[in-house]
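One structure is given below, encoded as structure tokens.
The values are calculated or read from the model by the stated rules, or taken from the named source; none is laboratory data. Just so you know, these numbers come straight off a predicted model, no measurement behind them. Cβ placement follows ideal geometry from the backbone for every residue including glycine, while neighbour counts extend to all protein chains displayed.
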Amino acid sequence: MIDTHCHLSKDDYHDIDLVIKEDEEALISEIVVSGCSLKDIKEVLKLKDKYDIMYVTLGFHPEYANEVTKDDLEYLKRSLKEKKVVGIGEIGLDYHYSKDNKEQQLWLFEEQLKIALEFDLPVVIHSRDATLDTIETLKKYKVKGIIHCFSGSLETAEIYIKMGFYLGIGGVVTFKNSKLKEIVKLLPLTSIVLETDSPYLSPEPYRGKQNSSKNIPIIASYIASIKDCSISEVEKITNYNARHLFDFSNK
Ligand code: NI
């Protein structure tokens with residue numbers, strides 16, 4: 001199974017060798033680690049060559065919108081040419097975190113969407129309390145990608161799917177009061193990819209504990225139960241989706 005979105009930093013895990021070993025034991029075939037700050041990008045670029053199952057997406061998270069410079073974007077572009085870089089992200093808009101810098105956030109988002117087009121790479125989108133602006137902005141650029149940690153309404157899901165995006169579903173779907181269950185039940189598996197967003201958002205029964213990609217089978221099994229299908233069907237279709245989007249032959 002594939003984890004299409006996670007984070008892997010020494011700040012979070014004291015033994016990354018062990019984390020990767022446990023992922024492999026859980027039969028995780030690929031993990032896509034997001035480097036989303038300057039520091040992160042440098043760190044994941046170093047790590048990716050050490051671990052076979054690790055691929056990366058690079059891009060500046062909206063929380064750095066006030067800091068990122070044009071030089072940083074040039075550095076991003078240079079880094080995208082490295083092996084095992086399979087996409088741009090996470091990028092997007094976060095009005096929950098800050099509403100005061102919408103202009104800077106939109107600037108950073110659009111600059112990176114232009115880079116995605118230039119390099120013909122998929123994007124991993126972070127959108128929090130910013131659905132309308134995210135949709136409007138994405139409509140201007142014909143990019144493909146994932147709406148990471150999707151948590152919107154069925155109507156919003158359908159808009160993204162129509163635009164050709166996959167919806168990233170992770171641990172939140174297993175939470176007791178999550179409304180996402182009802183929505184995932186109605187969505188076709190052909191529009192879903194699995195993600196952990198680790199170290200955050202561990203699925204039940206590990207909610208609140210540190211997450212890692214080895215928990216992907218728990219998410220797959222939960223989705224299978226709400227959609228009344230087999231785990232192998234969830235695995236087969238979501239793997240197909242992830243491989244359709246990310247070029248894992250880029251070693
Ligand atoms: Ni993330």
ask   = Which residues, taken from region 25-40, are more than 15 Å from the ligand (Cβ to nearest atom), under 18 Å from residue 195 (Cα atoms) and not charged (D, E, K, R)?
value = 26, 27, 28, 29
key: Matching residues in region 163-214 - criterion: being within 19 Å of residue 240 (Cα to Cα), within 16 Å of the chain's Cα centre (by Cα) and without any contact (Cβ under 8 Å) to a residue 60 or more places away in the chain   = 164, 165, 167, 169, 191, 192
Pick from region 1-19, criterion within 16 Å of the ligand (Cβ to nearest atom) and under 16 Å from the mean Cα position of the chain (by Cα), ranking: farthest from residue 223 (Cα to Cα) = 9
request  = State all residues of region 135-159 that are of a type in the set (Ser, Thr, Tyr) and either free of Cβ contacts under 8 Å to residues at least 12 places away in the same chain or touching a Ser or Thr at 6+ places or on another chain (Cβ under 8 Å) (or both); if no residue qualifies, say none.
outcome  = 156
task = State all residues of region 130-150 that are within 16 Å of the ligand (Cβ to nearest atom) and either on the phi > 0 side of the Ramachandran plot or touching a helix residue (DSSP H, G or I) at 6+ places or on another chain (Cβ under 6 Å) (or both); if no residue qualifies, say none.
result = 145, 147, 149
note = Exactly one of 100, 52, 72 is in a helix (DSSP H, G or I) and out of contact with any Phe, Trp or Tyr (no Cβ under 6 Å at 6 or more places or on another chain), and that one is 72
Single match in 237, 231, 226, 169 (criterion: of a type in the set (Val, Ile, Thr) and closer than 27 Å to residue 35 by Cβ) = 169
query = Only one residue in 43, 22 is at pLDDT 95 or above, assigned to a helix (DSSP H, G or I) and more than 16 Å from the ligand (Cβ to nearest atom), so which one is that?
reply = 22
key: Residue under evaluation residue 142, criteria (1) over 16 Å from the mean Cα position of the chain (by Cα); (2) modelled with pLDDT of 95 or more; (3) closer than 27 Å to residue 109 by Cα, criterion not met   = (2)
note = Out of (1) buried (at least 16 other Cβ atoms within 10 Å of the Cβ); (2) free of Cβ contacts under 8 Å to residues at least 60 places away in the same chain; (3) within 16 Å of the ligand (Cβ to nearest atom); (4) not aliphatic (A, V, I, L, M), the one residue 48 does not meet is (3)
ask   = Among the residues of region 1-34 satisfying the criterion of being free of Cβ contacts under 8 Å to residues at least 60 places away in the same chain and β-branched (Val, Ile, Thr), which is surrounded by the most Cβ atoms within 10 Å (Cβ to Cβ)?
value = 33
request  = Only one of these is in contact with a strand residue (DSSP E or B) (Cβ under 8 Å, 6 or more places away or on another chain) and either modelled with pLDDT of 95 or more or not β-branched (Val, Ile, Thr) (or both): 12, 17, 3, 49. Name it.
outcome  = 3
key: All positions within region 110-126 that are closer than 30 Å to residue 52 by Cα and either outside any strand (DSSP E or B) or of a type outside the set (Val, Ile, Thr) (or both)   = 112, 113, 114, 115, 116, 117, 118, 119, 120, 121, 122, 126
query = Can you tell me which of 79, 98, 151, 127 is surrounded by 22 or more Cβ atoms within 10 Å (Cβ to Cβ) and hydroxyl-bearing (Ser, Thr, Tyr)?
reply = 127
